[in-house]
Amino acid sequence: MRKLLVGMIATALVLVGGWFAAAYVAPALIAGASESGSSARTASTQTCPAAAPVTIGTIVVPAGPVAGFCQPELVMAAHIMNAARDQGIGAHTQAVGVMTAIGETGLRNLDYGDAAGPDSRGLFQQRDNGAWGTLADRMDPYTAATHFFDKLITVQGWQTMAPSALAHAVQVNADPDYYRQYWDAAQTIVGALGG
């Protein structure tokens, strides 16, 4: 009787384990494989909590998703867009700023750095080297974006550079093509938020 009971429990575990794998593990693996190693998001895989629209400067920010991003990240994009707009920079360059912040932080205002820049902070992971202002400046999305665009417009040929090359010229990232994968999402966000 005991062997029968153990056998039934083992069979039940296999069946439940198989159901769990089919329901939860396989879709996650399939989703991960479809991204081909990219951290890019898609609207079809992202759901956002219900939220009333908020106004950031002149931009009304929806709950989302927009290009796979929800309202907290879209608020960060709105700050970037407002900073560019206040400097007289158009939608194309706003999208360069949004693209860069997607690549650096996923449009999150991080209060920590990484191995390459342990002192990096904010949306753009700006270093504590004096070029990006105080810690408070780097942690304020609008001010950090303003400093990003201040440097961007000093890059020779910035108006005609490829977006990823321009972001690289400002950020001095190891890979000049790194930001390219975020360009479409950035353009979608800027378009949706009225850049």
Q: Among what's in segment 122-143 and is closer than 15 Å to Ala77 by Cβ and in contact (Cβ under 8 Å) with a residue 24 or more places away in the chain, pick the residue that is surrounded by the most Cβ atoms within 10 Å (Cβ to Cβ).
A: Leu123
Q) Which residue, of Ile102, Ile189, is closer than 16 Å to Glu73 by Cα, in contact with a Phe, Trp or Tyr (Cβ under 6 Å, 6 or more places away or on another chain) and β-branched (Val, Ile, Thr)? A) Ile102
Q.
Looking only at segment 63-115, count every residue that is touching a strand residue (DSSP E or B) at 6+ places or on another chain (Cβ under 9 Å) and of a type in the set (Val, Ile, Thr) and tell me the total.
A. 3
Q: Specify the residue that is farthest from Ala95 (Cα to Cα); the eligible residues are those in segment 109-145 that are modelled with pLDDT under 95, part of a loop (DSSP other than H, G, I, E, B) and of a type in the set (A, V, I, L, M).
A: Ala115
(Q) Whether any residue in segment 181-194 is over 27 Å from Ile59 (Cα atoms) and surrounded by 17 or more Cβ atoms within 10 Å (Cβ to Cβ) is what I want to check. (A) no
**Q.** Residue match in segment 157-165 (condition: assigned to a helix (DSSP H, G or I), modelled with pLDDT of 95 or more, closer than 23 Å to Leu193 by Cα and out of contact with any Ser or Thr (no Cβ under 6 Å at 6 or more places or on another chain))
**A.** yes
(Q) If I ask for residues that are charged (D, E, K, R) and in contact with a His (Cβ under 8 Å, 6 or more places away or on another chain), which ones from segment 149-176 would you list? (A) Asp175
Q) Regarding Thr45, is this residue closer than 25 Å to Leu110 by Cβ, of a type in the set (S, T, N, Q) and either modelled with pLDDT of 50 or more or in contact with a Gly (Cβ under 8 Å, 6 or more places away or on another chain) (or both)? A) yes
Q: Just give me the residues in segment 52-84 being of a type outside the set (A, V, I, L, M) and within 20 Å of Asp184 (Cα to Cα), in sequence order.
A: Pro62, Gly64, Pro65, Gly68, Phe69, Cys70, Gln71, Pro72, Glu73, His79, Asn82
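The values are calculated or read from the model by the stated rules, or taken from the named source; none is laboratory data. On a predicted model such as this, the values are computed, not experimentally measured, just so you know. Reconstructed Cβ throughout: ideal geometry from the backbone, glycine too, with neighbour counts over all protein chains shown.
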